[in-house]
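Bear in mind these aren't lab numbers, they're just calculated from the coordinates by the rules spelled out. Computed from a prediction, not measured in an experiment: that's the story for all the values here. Here Cβ is always computed from backbone atoms with ideal geometry, including for glycine, and neighbour counts include all displayed protein chains.
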Amino acid sequence: MAEITNFTSVQVSKHNREDSCWIIYHGKVLDVTNYVADLPGGPDLIYDYAGRDISIPFDQIGLNDIALEFLDLLQIGVIEDSENNFVDNDLHKDGNSANGSQYLKQTQLRVDAINLRFVKMSAIFFPIYFLILSYFILKKNFMVLICLAVILLEVIRQSWELRDGMLDRAGA
């Protein structure tokens, strides 16, 4: 760990680029330049808060002990002007960060999009694969094949209901 020094918010705010990225976390100044991809929230969140206080978004994410220890290793100093350590941070009166809340909402939408993509793929490819496989296994026993087709149609219907539920939640 580098020597701990005192920094002002103005000094930290100058390190808001990819080649020099510092953040403030609960009064600690962290040089995260080489570790942006390894930090909670990833590059999108880190670069949104480069040169600023990231305490609220990190607290909203909920950091585990390993992440906290990693952040301690990146500490290069402390913020000396504690009343100004939220400079340019878009805080609302209720204490929530507009960018942090937006980031969490976008993260949930990304998770929903991944789940939706899986549901769409499984709703299309799984029944086709299953019917072809069933035909070769059962050969000409069409009655069993028809029963399997009815079951698969029900699976498709339920997966589309799940998809619609995810879309409704994403739009809310």
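Key figures for this structure:
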item: Hypothetical label at residue 18: residues of the stretch 49-65 whose amide nitrogen lies under 18 Å (7 Å Cα-Cβ projection); result: 49-51
item: Residues with amide H under 5 Å from that of residue 77, placed H, sequence gap 5 or more; result: 5, 29
item: Burial order of peptide ranges 63-70, 23-30 (average beta-carbon count within 10 Å, highest first); result: 23-30, 63-70
item: Backbone HN-Hα couplings from phi across the stretch 8-19 [Karplus 6.51/-1.76/1.60, Hz, Gly and Pro as x]; result: 9, 4, 5, 4, 5, 5, 6, 9, 10, 10, 5, 7
item: 5 angstrom amide H check on residue 21, placed H, neighbours 5+ away; result: 32, 33
item: Relative contact order [Cα under 8 Å, 6+ residues apart], the stretch 5-84, whole percent; result: 43 percent
